[in-house]
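Every number here is computed from the coordinates shown, using simple stated rules; none is lab data. For clarity, every value in this text was computed on a predicted model and none was experimentally measured. Quick reminder, even Gly has a Cβ in these numbers, built from the backbone with ideal geometry, and neighbours come from all protein chains shown.
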Amino acid sequence: MSQVTMTVNGKEMSSDAEGRTLLSQFLRENLGMTGTHVGCDTSQCGACVVHVDGVAVKSCTMLAMEADGAAVSTIEGQAADDGTLNTLQQAFQDHHGLQCGFCTPGMIMSAADLLKTNPKPSEAEVRHHLEGNICRCTGYHNIVKAIMAASGQDVSSIAAE
Amino acid sequence: MYNFEFEKPSSIADAVAALGDEEATALSGGQTLLPTMKQRLASPTKVVSLLGISEMQGICTGDDGALCIGGATSHADVAAGASAYPGLAALAGGIGDPAVRARGTVGGSLANNDPAACYPAGALASGATIVTNAREIAADDYFQGMFTTALDESEIITEVRFPVPQASNYQKFEQPASRFALVGVFVAKYADGVRVAVTGASEEGVHRWTAAEEALSANFSADAVPAAPGADGMIADLHGTAAYRAHLVAVLTKRAVAAAS
Ligand SMILES: Cc1cc2nc3c(=O)[nH]c(=O)nc-3n(C[C@H](O)[C@H](O)[C@H](O)COP(=O)(O)OP(=O)(O)OC[C@H]3O[C@@H](n4cnc5c(N)ncnc54)[C@H](O)[C@@H]3O)c2cc1C
Ligand code: FES
Ligand code: FES
């Protein structure tokens with residue numbers, strides 16, 4: 001065991017971790033932040049995506065010790081302190097971008113990663129960026145729509161709700 | 001995953017020393033190794049991260065004009081930074097998905113030598129030099145069949161040098177579930193001839209398609225690509241038969257030449 005310290009959503013947090021402790025496990029079990037979901041645990045589904053030093057990674061496929069000293073953002077840090085959803089979260093709600101919600105934390109974190117470098121992505125660019133995020137409910141359509149709406153684009157011509 | 005001791009040295013020398021223990025394994029992006037350890041197909045007692053070593057990061061141009069990529073440079077950094085070799089930058093940008101590209105590295109990919117991986121095709125078609133802590137290995141000697149390379153136990157890839165071709169292109173026929181190559185072909189045209197490397201197709205792993213190299217060296221056009229190679233020795237699985245893969249080799253080579261010229 002050694003102590004691992006990271007700045008999570010702006011707050012410094014520490015806990016003891018084993019070599020094998022995954023970042024996803026550290027966030028969920030050591031820090032009690034269960035917003036980051038673990039779907040496949042094999043780096044396929046993207047439910048566990050968080051940002052480490054500003055870059056989207058699958059937290060089930062990174063050791064907690066590799067994130068020692070890093071700045072980590074998770075879904076818990078996306079809404080304002082009073083609970084007001086950010087633009088992307090609100091767009092997911094408005095455009096029915098989620099059903100069971102299991103994939104949503106990873107979808108939001110991956111989408112935020114895209115909008116940072118590409119503020120007005122095309123539909124094809126959104127779909128391409130989400131290749132590593134699997135959703136078993138929505139058929140992706142409303143997820144894509146929500147992300148395009150959050151980037152300030154007119155989505156009225158994109159087909160049915 | 002069984003527990004292990006974790007070390008993150010900041011120099012190549014310290015990493016080599018840490019890897020001297022028999023049960024130690026190098027960890028780069030972890031995109032292959034960590035899933036393997038979760039399945040208990042690997043159970044090192046010590047894991048040595050190569051990501052704290054600044055001399056293994058980054059992209060530069062060597063005196064001979066070759067593109068030199070640090071062994072621990074991520075696919076995302078190569079996609080964004082290898083503009084001197086657009087065919088290779090595009091290959092890196094097409095690996096997996098954004099989160100995989102953020103962590104996965106060129107050294108990890110070449111050390112693993114997955115028979116469906118992209119980088120082995122890029123390195124072999126470029127006649128790249130694999131630089132390790134101990135020596136320099138020509139790509140033609142480096143790849144030795146599926147998941148097998150010339151690397152010794154605990155030898156680490158510190159840099160890869162890619163001679164920059166006049167024209168190049170990588171065509172990957174994606175296996176949609178894994179996003180690896182069902183078949184991938186990298187074509188690189190140099191002043192002294194054309195090199196064609198094929199991944200995903202053969203039971204021997206990545207290999208050169210010499211018949212196509214000869215034809216394309218004489219006439220670099222899609223029409224010059226020979227008929228598909230034989231299906232003998234091609235991989236057959238639920239995603240495609242051997243004949244299907246052999247057919248793809250020729251189709252993708254044509255597409256790569258058309259896109260490169
Ligand atoms: C969902 C998904 C999709 C993917 N899609 C593709 C794809 O389309 N194409 C493709 O090519 N790959 C793909 N990959 C694999 C990806 O590119 C991996 O990143 C790569 O194969 C391994 O690199 P790594 O840095 O993660 O290595 P690690 O997982 O850290 O290590 C892999 C092996 O290499 C050894 N090693 C690591 N670095 C070195 C070094 N510098 N010197 C010597 N040995 C070393 C390790 O000990 C280990 O045995 C995919 C992976 C995932 C999870
Ligand atoms: S839980 Fe990490 S990718 Fe599925
Ligand atoms: S909303 Fe259920 S998995 Fe995406």
Open item on the list: Would chain A count as rounded, prolate or oblate if I go by the C-alpha gyration tensor, calling it rounded below 1.5 in a/c and otherwise prolate when a/b exceeds b/c, oblate otherwise?
Closed with: prolate
TODO: For each of B:10, A:110, count neighbouring Cβ atoms within 10 Å of the residue's Cβ, then give the residues from fewest to most.
DONE: B:10, A:110
TODO: Provide A:63, B:27, B:41 in ascending order of the number of other Cβ atoms located within 10 Å of each residue's Cβ, fewest first.
DONE: B:41, B:27, A:63
Task: Options B:169, B:199, B:229, ranked by Cα towards positive dipole end of the range B:111-261, top entry (Cβ charges) - done: B:169
Open item on the list: Sort B:101-107, A:71-77 by the packing proxy (mean of other Cβ within 10 Å over each peptide's residues), most packed first.
Closed with: B:101-107, A:71-77
Task: Neighbour net charge for residue A:25 - beta-carbon separation under 15 angstrom, K R +1, D E -1 - done: -2
TODO: Would you give the gap between the C-alpha center of the range A:105-133 and the C-alpha center of the range B:66-105, rounded to a whole Å?
DONE: 19
Task: Dipole-positive endmost among A:107, B:216, B:251 within the protein assembly as shown (Cβ charges, Cα centre) - done: B:251
Task: Magnitude of the charge dipole, chain B, Cβ model with Lys/Arg +1 and Asp/Glu -1, debye to 20 - done: 960
Task: Footprinting exposure proxy for B:180, B:147 (fewest neighbouring C-beta atoms within 10 Å first) - done: B:147, B:180
TODO: May I ask which residue of B:84, A:124, B:239 lies farthest towards the positive end of the charge dipole of the protein assembly as shown, with charges of +1 (Lys, Arg) and -1 (Asp, Glu) on Cβ and the Cα centre as origin?
DONE: A:124
Open item on the list: What's the magnitude of the charge dipole for the protein assembly as shown around its Cα centre, counting Lys and Arg as +1 and Asp and Glu as -1 at the beta-carbon? Answer in Debye, nearest 20.
Closed with: 1100
- [ ] Name the most mobile residue of B:163, B:176, B:229, meaning the one with the largest mean-square fluctuation, in a Gaussian network model of chain B with Cα contacts below 10 Å.
- [x] B:176
Open item on the list: Quick check for me: using +1 on Lys/Arg Cβ and -1 on Asp/Glu Cβ, what's the dipole size of chain A about its Cα centre, in debye to the nearest 20?
Closed with: 320
Task: Label point 7 Å beyond Cα of residue A:158 along Cβ direction - residues of the range A:64-103 with amide nitrogen under 20 Å - done: A:85-103
- [ ] If a/c stays under 1.5 just call it rounded; otherwise compare a/b with b/c (prolate if a/b is bigger, oblate if not). Do that for the protein assembly as shown, with a ≥ b ≥ c from the square roots of the Cα gyration tensor eigenvalues.
- [x] oblate
Task: Summed residue charge, Cβ within 13 Å of residue A:76's Cβ, Lys/Arg positive, Asp/Glu negative - done: +1
Task: Protection proxy ranking of B:131-138, B:77-84, B:200-207 - average other beta-carbon atoms within 10 Å, highest first - done: B:200-207, B:77-84, B:131-138
Task: Peptide A:112-120, shielding by other chains (average Cβ, 10 Å cutoff) - done: 1
- [ ] Divide by every residue of the protein assembly as shown the summed helix terms, -39500 (n - 2.57) for each DSSP H run of at least 4, and state the resulting mean residue ellipticity at 222 nm, rounded to the nearest 500 deg cm²/dmol.
- [x] -8000 deg cm²/dmol
- [ ] Would you please classify the overall shape of the range A:87-150 from the alpha carbon gyration tensor, given that a ≥ b ≥ c denote the square roots of the eigenvalues, rounded means a/c under 1.5, and beyond that prolate means a/b larger than b/c while oblate covers the rest?
- [x] prolate
